[in-house]
1. Determine the percent antiparallel among the DSSP beta bridges restricted to the chain, to the nearest 5.
2. What percentage of the solvent-accessible surface of the chain, computed with a 1.4 Å probe over protein heavy atoms, is contributed by carbon and sulfur atoms?
3. Assuming 0.890 mPa s and 25 °C, estimate D for the range 9-97 with Stokes-Einstein, Rh taken as the Kirkwood radius over Cα pairs, in µm²/s.
4. What does the range 77-132 give for Rg and for Dmax, in Å, if only its C-alpha atoms count?
5. Hey, can you find the accessible area per residue of the chain for me, probe 1.4 Å, expressed in square angstrom?
6. Between residue 144 and residue 84, with labels modelled 7 Å along Cα→Cβ, what's the label distance in nm to one decimal, could you check?
7. Using only the alpha-carbon atoms, what does the chain span along each of its principal axes? Please give whole angstrom values in decreasing order.
8. What is the spin-label model distance, in nm, from residue 115 to residue 31 if the labels are put 7 Å beyond Cα along the C-beta direction?
Amino acid sequence: MTGAPALLAPGAEQATALAGLHARAFAGQSRAWEAGEFAALLDSATVFALGGPRAFALGRVIADEAELLTLATDPACRRQGLARACLAGFEDEARRRGATQAFLEVAETNGAAVALYLSAGYRLGARRDGYYRMADGTRADALVLTKTL
(Lines give C-alpha, C1' and ligand atoms only; values in the text may rest on other atoms or scores of the structure.)
Protein backbone atom coordinates (compact mmCIF):
# COMPACT_ATOMS: atom_id res chain seq x y z
CA MET A 1 0.00 0.00 0.00
CA THR A 2 1.53 3.27 -1.08
CA GLY A 3 -0.16 6.59 -0.36
CA ALA A 4 -3.69 6.74 0.98
CA PRO A 5 -5.48 3.40 1.29
CA ALA A 6 -8.18 2.83 -1.31
CA LEU A 7 -11.84 2.20 -0.57
CA LEU A 8 -12.69 -1.47 -1.06
CA ALA A 9 -15.72 -2.57 -3.03
CA PRO A 10 -18.25 -4.88 -1.36
CA GLY A 11 -18.72 -8.43 -2.59
CA ALA A 12 -18.21 -12.06 -1.67
CA GLU A 13 -14.61 -12.17 -2.91
CA GLN A 14 -13.73 -9.06 -0.89
CA ALA A 15 -15.45 -10.45 2.21
CA THR A 16 -13.47 -13.70 1.91
CA ALA A 17 -10.19 -11.80 1.55
CA LEU A 18 -10.96 -9.60 4.56
CA ALA A 19 -11.93 -12.62 6.68
CA GLY A 20 -8.66 -14.37 5.80
CA LEU A 21 -6.57 -11.34 6.69
CA HIS A 22 -8.57 -10.79 9.88
CA ALA A 23 -8.00 -14.42 10.94
CA ARG A 24 -4.23 -14.06 10.43
CA ALA A 25 -4.11 -10.73 12.25
CA PHE A 26 -6.04 -11.92 15.30
CA ALA A 27 -4.73 -15.51 15.53
CA GLY A 28 -4.42 -16.54 19.16
CA GLN A 29 -6.17 -13.42 20.41
CA SER A 30 -9.93 -13.40 19.94
CA ARG A 31 -12.41 -14.90 17.49
CA ALA A 32 -11.81 -13.92 13.90
CA TRP A 33 -14.79 -12.68 11.92
CA GLU A 34 -16.20 -14.89 9.18
CA ALA A 35 -16.66 -13.97 5.53
CA GLY A 36 -20.44 -13.87 5.97
CA GLU A 37 -20.09 -11.29 8.73
CA PHE A 38 -17.89 -9.11 6.53
CA ALA A 39 -20.30 -9.51 3.60
CA ALA A 40 -23.27 -8.43 5.73
CA LEU A 41 -21.41 -5.40 7.03
CA LEU A 42 -20.16 -4.37 3.59
CA ASP A 43 -23.73 -4.53 2.26
CA SER A 44 -24.69 -1.68 4.59
CA ALA A 45 -24.61 1.84 3.16
CA THR A 46 -23.14 3.12 6.45
CA VAL A 47 -20.14 0.75 6.39
CA PHE A 48 -16.92 1.16 4.45
CA ALA A 49 -13.62 -0.67 4.18
CA LEU A 50 -10.30 0.60 2.95
CA GLY A 51 -6.84 -0.80 2.57
CA GLY A 52 -5.41 -3.65 0.57
CA PRO A 53 -4.18 -7.23 0.83
CA ARG A 54 -1.78 -6.49 3.71
CA ALA A 55 -3.94 -4.28 5.96
CA PHE A 56 -7.43 -2.85 6.15
CA ALA A 57 -9.78 -0.77 8.27
CA LEU A 58 -13.52 -1.36 8.48
CA GLY A 59 -15.71 1.41 9.81
CA ARG A 60 -19.16 2.90 9.78
CA VAL A 61 -20.64 6.35 10.07
CA ILE A 62 -24.09 7.02 11.48
CA ALA A 63 -25.12 10.67 11.82
CA ASP A 64 -22.00 12.50 13.05
CA GLU A 65 -20.38 9.51 14.75
CA ALA A 66 -17.84 7.08 13.27
CA GLU A 67 -16.97 3.68 14.68
CA LEU A 68 -13.83 1.80 13.75
CA LEU A 69 -15.17 -1.75 13.64
CA THR A 70 -11.81 -3.45 13.10
CA LEU A 71 -8.30 -2.74 11.91
CA ALA A 72 -6.14 -5.64 10.78
CA THR A 73 -2.59 -6.00 9.51
CA ASP A 74 -1.04 -9.20 8.19
CA PRO A 75 1.46 -10.32 10.86
CA ALA A 76 4.20 -10.58 8.20
CA CYS A 77 3.67 -6.89 7.34
CA ARG A 78 3.59 -5.27 10.76
CA ARG A 79 5.78 -2.31 11.75
CA GLN A 80 5.58 -0.83 8.23
CA GLY A 81 3.03 1.93 8.95
CA LEU A 82 0.15 0.11 7.27
CA ALA A 83 -2.18 0.20 10.28
CA ARG A 84 -1.44 3.88 10.83
CA ALA A 85 -2.21 4.61 7.15
CA CYS A 86 -5.48 2.65 7.36
CA LEU A 87 -6.44 4.45 10.57
CA ALA A 88 -5.78 7.83 8.95
CA GLY A 89 -7.77 6.71 5.91
CA PHE A 90 -10.66 5.65 8.17
CA GLU A 91 -10.65 9.08 9.81
CA ASP A 92 -10.52 10.90 6.46
CA GLU A 93 -13.42 8.86 5.05
CA ALA A 94 -15.41 9.30 8.26
CA ARG A 95 -14.97 13.08 8.03
CA ARG A 96 -15.97 12.99 4.36
CA ARG A 97 -19.17 11.19 5.44
CA GLY A 98 -19.94 13.87 8.04
CA ALA A 99 -18.53 12.38 11.25
CA THR A 100 -17.17 14.73 13.89
CA GLN A 101 -16.41 12.07 16.52
CA ALA A 102 -14.81 8.64 16.22
CA PHE A 103 -14.72 5.77 18.66
CA LEU A 104 -13.44 2.23 18.82
CA GLU A 105 -13.07 -0.67 21.20
CA VAL A 106 -9.75 -2.43 21.71
CA ALA A 107 -8.71 -5.24 24.05
CA GLU A 108 -6.58 -3.82 26.82
CA THR A 109 -4.21 -6.74 26.23
CA ASN A 110 -3.49 -5.60 22.65
CA GLY A 111 -0.59 -3.33 23.55
CA ALA A 112 0.48 -2.52 20.00
CA ALA A 113 -3.03 -1.44 19.00
CA VAL A 114 -3.54 0.58 22.18
CA ALA A 115 -0.22 2.36 21.56
CA LEU A 116 -1.18 3.10 17.94
CA TYR A 117 -4.55 4.58 18.89
CA LEU A 118 -3.19 6.69 21.74
CA SER A 119 -0.39 8.03 19.52
CA ALA A 120 -3.04 8.96 16.92
CA GLY A 121 -4.89 11.12 19.44
CA TYR A 122 -7.52 8.74 20.81
CA ARG A 123 -8.34 9.02 24.50
CA LEU A 124 -9.90 6.61 26.98
CA GLY A 125 -13.64 7.18 27.21
CA ALA A 126 -14.77 4.05 29.06
CA ARG A 127 -13.89 0.47 29.95
CA ARG A 128 -16.04 -2.64 29.43
CA ASP A 129 -15.08 -5.29 31.95
CA GLY A 130 -14.47 -8.75 30.48
CA TYR A 131 -15.83 -7.75 27.07
CA TYR A 132 -13.49 -9.85 24.93
CA ARG A 133 -13.26 -13.64 25.14
CA MET A 134 -9.69 -14.53 24.32
CA ALA A 135 -8.54 -17.66 22.46
CA ASP A 136 -7.29 -19.21 25.72
CA GLY A 137 -10.72 -18.77 27.37
CA THR A 138 -9.77 -15.81 29.53
CA ARG A 139 -11.55 -12.47 29.31
CA ALA A 140 -10.05 -9.06 28.61
CA ASP A 141 -11.48 -5.63 29.21
CA ALA A 142 -12.35 -3.47 26.23
CA LEU A 143 -11.06 0.07 26.24
CA VAL A 144 -13.47 2.44 24.52
CA LEU A 145 -11.36 5.13 22.92
CA THR A 146 -12.66 8.35 21.39
CA LYS A 147 -11.32 11.13 19.21
CA THR A 148 -12.71 14.38 17.90
CA LEU A 149 -12.36 14.44 14.14
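The values are calculated or read from the model by the stated rules, or taken from the named source; none is laboratory data. Small disclaimer: the values here were computed from a predicted structure and weren't measured. Note: ideal-geometry Cβ built from the backbone for every residue, glycine included; neighbour counts use all protein chains shown. Just the protein is used for accessible areas: all its heavy atoms, side chains included, with ligands, DNA and RNA removed. Shrake-Rupley method; radii C 1.70, N 1.55, O 1.52, S 1.80 Å.
1. DSSP beta bridges in the chain are roughly 90 percent antiparallel.
2. For the chain, the apolar C and S fraction of the accessible surface comes to 53 percent.
3. My calculation gives 188 µm²/s for D.
4. Considering the range 77-132 through its Cα atoms, Rg and Dmax are 12.4, 34 Å.
5. Per-residue accessible area for the chain comes out at 51 Å².
6. Distance between label points: 2.9 nm.
7. That gives 36, 32, 29 Å along the principal axes, largest extent first.
8. Between residue 115 and residue 31, the simple spin-label model gives 3.0 nm.
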